[in-house]
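Q: Shown below is the structure under consideration.
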Amino acid sequence: MISAEVEPPAAARVFGDRVDLARAYAADLVARGEELGLIGPLELPRLWTRHIVNCGVVAPLLRPGVVGDIGSGAGLPGIMLAIARPDVDFVLIEPMERRVAWLAEQKHNLGLTNVTVVRERAQEYPKGRLDQLTARAVSAFSKLIPMATPLVRSGGELVLMKGASAAAEIEAAEKAIRKYKLTAVEVLELGSDVGVDVTRVIRARVP
Ligand SMILES: C[S@@+](CC[C@H](N)C(=O)[O-])C[C@H]1O[C@@H](n2cnc3c(N)ncnc32)[C@H](O)[C@@H]1O
């Protein structure tokens with residue numbers, strides 16, 4: 001059996017006095033995540049650094065308001081951000097029934113009153129309601145732009161978690177960036193202040 005990663009010191013730095021909620025989430029994911037098809041066994045040895053803390057470091061980019069997380073899956077980053085930022089309201093937009101049930105259960109078990117879970121594809125969600133929108137491992141930037149931008153109000157932001165290909169994804173999305181009139185498109189590198197591998201985010205402003 002593959003063992004789950006021991007919690008790194010960075011977790012307490014990222015989640016502060018709410019780190020117990022991240023611990024409860026991690027324990028449930030270790031216990032049931034594989035059986036529910038939420039996480040592969042090879043991810044367990046890097047559960048905290050690659051998934052939980054990696055999502056949590058995005059929290060300082062969020063502002064009070066409504067943040068939509070499209071394709072939340074197991075709750076990454078949506079549940080992690082809702083733990084780190086109780087002052088922000090989150091809508092987790094996920095089409096798959098089993099994942100929606102898991103997300104609703106986590107909301108209930110962790111007492112996350114700032115979370116709403118909706119079973120929907122991003123394309124079906126009402127337009128112009130969100131202040132910021134997050135997504136991780138859902139699609140390339142060029143495909144996320146038409147899917148995500150209409151959901152965000154004017155002046156809001158896309159905050160998209162990306163891998164090492166972030167800069168190349170921006171280049172490949174040049175046409176969509178122009179079509180949807182996104183501005184201030186940039187790659188941010190987060191996490192060095194808490195001593196974990198860098199997390200890359202593409203941030204862009206919606207006109
Ligand atoms: C690879 S998983 C990533 C899950 C999670 N964000 C993570 O980083 O672990 C992609 C997720 O996007 C969801 N998804 C696919 N198409 C979608 C759409 N059109 N709107 C919203 N979610 C979608 C899938 O159901 C799945 O849960």
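Values in this text are rule-based calculations from the coordinates and carry no lab data. Small disclaimer: the values here were computed from a predicted structure and weren't measured. A quick note on method: Cβ atoms are made from the backbone with ideal geometry, for glycine too, and the neighbour counts reach across all protein chains shown.
Q: Taking the condition of being in a helix (DSSP H, G or I) and touching an Asp or Glu at 6+ places or on another chain (Cβ under 8 Å), how many residues in segment 36-60 meet it?
A: Summing the residues that are in a helix (DSSP H, G or I) and touching an Asp or Glu at 6+ places or on another chain (Cβ under 8 Å) in segment 36-60 gives 10.
Q: Restricting to segment 103-138, what's the tally of residues that are near the ligand (Cβ under 10 Å from one of its atoms) and in a helix (DSSP H, G or I)?
A: The number of residues fulfilling the criteria is 4.
Q: Consider Ala12 carefully, then state whether it is out of contact with any Phe, Trp or Tyr (no Cβ under 6 Å at 6 or more places or on another chain), free of Cβ contacts under 8 Å to residues at least 12 places away in the same chain, more than 30 Å from Val206 (Cα to Cα) and of a type in the set (A, V, I, L, M, F, W, C).
A: Against the criterion (out of contact with any Phe, Trp or Tyr (no Cβ under 6 Å at 6 or more places or on another chain), free of Cβ contacts under 8 Å to residues at least 12 places away in the same chain, more than 30 Å from Val206 (Cα to Cα) and of a type in the set (A, V, I, L, M, F, W, C)), Ala12 qualifies.
Q: Determine which member of the set Gly156, Gly195, Gly191 is surrounded by 13 or more Cβ atoms within 10 Å (Cβ to Cβ), closer than 30 Å to Ala26 by Cα and not hydrophobic (A, V, I, L, M, F, W, C).
A: The match here is Gly191.
Q: If we keep just the residues of segment 33-48 that are away from the ligand (no atom under 14 Å from the Cβ) and free of Cβ contacts under 8 Å to residues at least 40 places away in the same chain, which is farthest from Ala12 (Cα to Cα)?
A: Only one residue tops the list, namely Glu35.
Q: Look through segment 3-17, keep the residues that are among the aliphatic types (A, V, I, L, M) and outside any loop (DSSP other than H, G, I, E, B), and return whichever of them is farthest from Val53 (Cα to Cα).
A: Restricting to residues being among the aliphatic types (A, V, I, L, M) and outside any loop (DSSP other than H, G, I, E, B), the top hit is Ala12.
Q: For residues that are touching a helix residue (DSSP H, G or I) at 6+ places or on another chain (Cβ under 9 Å) and not in a helix (DSSP H, G or I), scanning just segment 18-35, find the one that is farthest from Ile79 (Cα to Cα).
A: Glu34
Q: Just one of Thr183, Thr199 is more than 18 Å from the chain's Cα centre (by Cα) and polar (S, T, N, Q); which is it?
A: Thr183
Q: What are the residues in segment 49-80 that are more than 14 Å from the ligand (Cβ to nearest atom) and either in contact with a Pro (Cβ under 8 Å, 6 or more places away or on another chain) or not aliphatic (A, V, I, L, M) (or both), if any?
A: Thr49, Pro60, Arg63, Pro64, Gly65
Q: Additional query: Given the conditions (1) surrounded by 13 or more Cβ atoms within 10 Å (Cβ to Cβ); (2) part of a helix (DSSP H, G or I); (3) near the ligand (Cβ under 10 Å from one of its atoms); (4) not small (Gly, Ala, Ser), which single one is not true for Ile83?
A: (3)
Q: Test each condition in (1) in contact with a strand residue (DSSP E or B) (Cβ under 7 Å, 6 or more places away or on another chain); (2) among the acidic types (Asp, Glu); (3) without any contact (Cβ under 8 Å) to a residue 60 or more places away in the chain for Glu105 and report the one that comes out false.
A: (1)
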